Structures are given as C-alpha cells and as structure tokens.
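Presented below is the structure to which this report refers.
The values are calculated or read from the model by the stated rules, or taken from the named source; none is laboratory data. No experiment lies behind these values; they were computed from the predicted model shown. Cβ coordinates were reconstructed from backbone atoms using ideal geometry, including for glycine residues, and neighbour counts include every protein chain displayed. Accessible surface is based on the protein model in full, side chains and every heavy atom, while ligands, DNA and RNA are left aside. Shrake-Rupley method; radii C 1.70, N 1.55, O 1.52, S 1.80 Å.
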Amino acid sequence: MSFSLHGIGVSGGIAIGYAHLASAARIEVPQYMLDQRYIDDELKRFDEAIQTSRTELEILRTHIPPGAPAELSAFLDMHLMFLGDSMIAEEPKRLIRETQCNAEWALAQQMEALVARFEEIDDPYLRSRQEDVVQVVQRVLKVLMGHPSHIPLDVSFDVDRILVAHELSPADMVIFKNVRFAAFITDLGGTTSHTAILARSMGMPSVMALHNARSLIRDHDLLIVDGRDGVVIVNPDESVLAEYRLRQNQWRIDTDKLKRLKTSKSATLDGTPIELMANIELLSDIDAVKAAGAQGIGLFRSEFLFLNRSDLPSEEEQYASYRAVAEALDGKPVTIRTLDLGADKQAPWGHTVADNPALGLRAIRLCLAEPALFHTQLRAILRASAHGRVRMLIPMLASFTELRQTLQRIDEAKASLRRDGLKFDEGIPIGGMIEVPAAALAANFFAEQLDFLSIGTNDLIQYTLAIDRADDSVSHLYDPLHPAVLTLVQQTIRAGAKAGKSVAVCGEMAGDPLLTRLLLGLGLRTFSMQPASLLPVKQQVLKSHLDEVAPAALRLLKNTDPDKTPVLLERLNGERS
Ligand code: PEP
Ligand code: MG
C-alpha cells in the first residue's frame, strides 16, 4: 500500500531507495561488514566491552549511597546477571562470526530478538523485564561506540539504502558520515539541530520530525524522500515514481549548472565583495570546501573530534587535525571554534546531563569550568596557527567576565608555548560568537574587545525565542524572520562596523538562499555555511544590488504583521531575479 508522510525537509534533493530501519536501540548503531581477517579483533573488542560494562556495574554496586532505595542493589544484580548470560555475552559473537557484521550491530540484533521473546510472555511483570535487557545492551553499546573499530568503514550499504531512524544524535551522524546512504529520515529533530546540520554537510536529502516513520515503514519498503518539501512517499506507484525520477534528474542538472559559479568572483551587482566561507565538522569535509570554491573556513566545529570516544583527544592529536586543516586551506583563513560541547552534543566522559542542558554547562562555560581541557585545546589551536591563517572563535559568550577569563586563559596558553619554545602566531585573531541575546545587545562591547564577531543564528534564535532547536514539537515557532531576531542581527552587524571589526553569520541562516538578500540588506558582508549551500547563496549574491536590497530588508525588519512577512520576503527576493 502506498502512503505518504510529512515532516520537515532539512536537506534538499530527492532520493529514491529502499528503507533500512535503524536498530530499535535508543542509540542508533552503525552496521558494516568486516573482512574475515578482522573477525578476531572484533570478538576481542566485544569481550572487552562486556568486561568494561561489568566493571562499571560492579563499581556502581559498591558505591550505593546510604539511604538509596533497597531495590537499587537488586536492580544492579539483575543487570549483572543479564550481562553474564550467554544470550548477551556469547550469542552476538556467533553472529559476528557467521555474518561478519560489526559488534554493535550483532548486539543490537540480539537485543531485538530477546525483546521479541519477552513480548510473547503473558505475565506483565516478566514482560516488562525487557526494559532491563535494553538498558544492559545500551550500556555495552555505549562502551563499544566509545571504542571505534579499527576497521575502516568502507564496506557499507548500497547507495540506494535510506536510513529510517527514530532519532539520531550528532554523534550518530559522525559515524554515519562514513557509511553511504542515499538519504535519511527520522521521527524526531528540528531543522537547525546539529543532526540536521550534519545531514546538510553530507549533502544528503533528509526529512526529520516525521513522528511515525520508524513504526510505519518496514525494512525494504521502497521510499521516495523529498528533502526540500519534507515529504516521504512509501511504496509509490509507477506514475509517482516516474514523476520523482524526473524531478530528481532536474535537481541534479540544476546542481551541476551551479558548479559553473565556483570560480566567479563573489560580489554584488554594484561591485561590493562578499566573503563566502564554509563551515566544517571534520577534516574529511575539506574536499567539499574546495569543490565549492569557499574563501576560507568561517567555522570549524572542533567538538566533533571529541564525540564517539571515551577518552579525550590529546594536544598532539588535536594539533595534528587543526594543522592539517590549516595547511589544506593553503593561506586562506581557518576559523577554529573552541569546544562547544553540551546541550545536544554530549561526550561520553562529560558531565551528567543537566535538566536543561542548553542553558547549562555548555561551550565556553564548560571550558572555563574545565581549565585543563581548555588549556590543551588552546595550545593545540595556537600551535596550528604557525601553519596557516588560523583564527580562534569562542562560542556562547554572554558575560564580560567570561570574555575576560577566556582572554586570560589564551594568554596563559601562549605563555606556556613560549616557555616550551613552540611556535605560534602571536597575533592570532580572537573572535566571539554572538549567539545569546545578551551578547547581541552588548555587541558594542564584544566588538571592541575582540578581533571579529560571528553570529550563530541557530542559537541566537533558540535563545531569543526560547525554542529548543532540536525539539520538533516547537519547530514551527523557530522563526529567523522574527523582528527581534533581525534586530539583534542588525545591531551586531552595526556594532562590528562601528568598531571596524568584521562580522559574519555562521548559523544556518547564512546558507539559506532565500535569506541571502535579507542579510545583505542588513549589512552583512561575510557568510559562512555548509559547503553544499555555498553556490546557491553565491547565485543570489551575484544578482543582488545593495541599493535595492537594503531598503527592502529594512521594511521586513520593521514589519510587525506576520501575514505580510512572506510577501515582503518574496518581494525582496523577486527583485531582479
Ligand atoms: C549557531 O548557533 O548558529 C552556530 C553556528 O553554532 P552551532 O550550530 O554549532 O551551535
Ligand atoms: Mg551555536
């Protein structure tokens, strides 16, 4: 039976392929095939993960706080018993041997088989014990995923597989970055969540917030994913399929045509140069940066080096990554953002997740609370600055004290490098992200103290409108055109101009071609975005005239009638196009 599902299109393009349901585990697990010669290593990795999980549980059992409920000890005993049961500790190994799959996948498959057996039990109490099985498996999966397999993830799916998941975290996405899918769709997630941002960076059609996709779609169903309109068609009939094949072809032709703009100078019709930079998460994104002809990297989200592992990257490891990016960019600017962990990007070793993590110990707050961690990263970034045009960017600044402390920590890191006789750029530019309303309102101060500013509109919108950017139930309220947001963006741009400092936008607004003219009209001259968005944005820049877009943008900023907003935006974009 054919039916369609509607969600939020977070990354454009059309994909046609077969559903691949991600595991029901609450952590999405990667699946790949192993070469026979790696099987023994994989079995060892599995045994070690079981052992680590057992040690964790035993430590927990011996540290039960006085006054804790008596059931806690029984509960931990039960988990230890499950962990020792051959159904969990041995059976996955048989799967690894026989099907040559990775350990995470074998364990998740075995968990599903066990859960299905529990489902058949009549006694409701015993049936509910499946929860414990799932929890034990999750514990082992977390350990496994913190210790990535040494095997390169090159043996993967056919390109016509579409991943269907309930939810994917940014950390899951990093793993899936190495596995080729045609598209992915999820039940949860918002358009500026980090998961969506990663989907765009992979240039993969994706739809989120479908609510029931994981339960309604079956493995191997034929799917059409329209990542622009947010539509998924399940088991389409021949005529619909033919129509979408045509649209897919047209989309490919349009994308190919845009490639011609790669080498054109980025300037408006009146000759004003506009800087178009790229956002990256990993070293492997550099190819896409070059293919798009970006003028530099406006945002390197360094925290992705810290995900999916249980240890911290050392100074040497970080230095090697930052240096590789700096060298690959060959003299073009590379803006390395210091760690922005917390909220939806949680490292396994991190602090316990707060009740309200987006307002908690995130980004610069976390770094200032963890001086050793911050010092190591600052040294690594500074050392990389000896090998290219590196700039440092501080996320989520809100208070003047934070800025003062941060600058002090940077000075300390510099002093330690001098003592060690290690080279770095003494004049490395230090910039601040404006992504909290307080920082935008005090942009004059931040512009004076720093070398450049970069507006993180994803968070600026989240914090201005009080909307969790990863929560699809409020995603309809996430409004980049809200006058409050536009006013804060404009004020920040003006503060930068007054202080003679450059201001970029590096949030998703910068990569939306429908908003290019608006941002130009508000005075923006530097954009940083996912490489895949760069040429569509450039196309808009090339046909814009600042004399026309500036008054039209102001009309939009001053508009208080939400019904008129789409009309004003259309008019702004309609001129000359
Ligand atoms: C932003 O908030 O707009 C931004 C660029 O940072 P991130 O999306 O990584 O939070
Ligand atoms: Mg941000």
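Data table
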{"item": "The range 127-141 - residue that is of a type in the set (A, V, I, L, M) and open to solvent by less than 10 Å² (accessible area, probe 1.4 Å) and, of those, nearest to residue 117 (Cα to Cα)", "result": "133"}
{"item": "Criterion: more than 25 Å from residue 504 (Cβ to Cβ) and either more than 25 Å from the chain's Cα centre (by Cα) or modelled with pLDDT of 95 or more (or both) - qualifying residue of 376, 406", "result": "376"}
{"item": "Positions within the range 244-268 being surrounded by 13 or more Cβ atoms within 10 Å (Cβ to Cβ) and part of a helix (DSSP H, G or I), in sequence order", "result": "244, 245, 247, 248, 251, 255, 258, 261, 262"}
{"item": "Wholly within the range 459-577, helices (runs of 4 or more DSSP H) carrying at least 2 residues that are surrounded by fewer than 22 Cβ atoms within 10 Å (Cβ to Cβ)", "result": "483-499, 531-542, 546-558, 565-574"}
{"item": "Residues (modelled with pLDDT of 90 or more and of a type in the set (Ser, Thr, Tyr)) located in the range 43-98", "result": "86"}
{"item": "Whichever residue in the range 424-455 is charged (D, E, K, R) and closer than 21 Å to residue 374 by Cβ and, among such residues, is nearest to ligand 1 (Cβ to nearest atom)", "result": "435"}
{"item": "Selection count where residues are in contact (Cβ under 8 Å) with a residue 60 or more places away in the chain and either in a helix (DSSP H, G or I) or aliphatic (A, V, I, L, M) (or both), scope the range 326-337", "result": "3"}
{"item": "Condition check for residue 480: within 12 Å of ligand 1 (Cβ to nearest atom) and either out of contact with any Asp or Glu (no Cβ under 6 Å at 6 or more places or on another chain) or farther than 24 Å from residue 170 by Cβ (or both)", "result": "yes"}
{"item": "Counted residues, the range 269-304 - those being open to solvent by 10 Å² or more (accessible area, probe 1.4 Å), of a type in the set (S, T, N, Q) and within 16 Å of the chain's Cα centre (by Cα)", "result": "1"}
{"item": "Which numbered condition residue 345 fails, given (1) open to solvent by 30 Å² or more (accessible area, probe 1.4 Å); (2) within 16 Å of ligand 1 (Cβ to nearest atom)", "result": "(1)"}
{"item": "Residues (surrounded by fewer than 15 Cβ atoms within 10 Å (Cβ to Cβ) and among the aromatic types (Phe, Trp, Tyr)) located in the range 392-433", "result": "400"}
{"item": "Any hit, the range 196-207, residues being of a type in the set (Lys, Arg) and in contact with a helix residue (DSSP H, G or I) (Cβ under 8 Å, 6 or more places away or on another chain)", "result": "yes"}
{"item": "Among (1) under 30 Å from residue 485 (Cβ atoms); (2) touching a residue at least 40 places away in the same chain (Cβ under 8 Å) - the single one residue 385 does not satisfy", "result": "(1)"}
{"item": "Where residue 475 falls short, out of the listed (1) in contact with a Ser or Thr (Cβ under 8 Å, 6 or more places away or on another chain); (2) within 13 Å of ligand 2 (Cβ to nearest atom)", "result": "(2)"}
{"item": "Criterion violated by residue 360 - all others in (1) away from ligand 1 (no atom under 16 Å from the Cβ); (2) surrounded by fewer than 20 Cβ atoms within 10 Å (Cβ to Cβ); (3) under 27 Å from residue 143 (Cβ atoms); (4) not hydroxyl-bearing (Ser, Thr, Tyr) satisfied", "result": "(1)"}
{"item": "Flag if residue 235 is farther than 21 Å from residue 528 by Cα and surrounded by 14 or more Cβ atoms within 10 Å (Cβ to Cβ)", "result": "yes"}
{"item": "Of the criteria (1) crowded, with 20+ Cβ neighbours inside 10 Å; (2) under 24 Å from residue 169 (Cα atoms), which one residue 311 fails", "result": "(1)"}
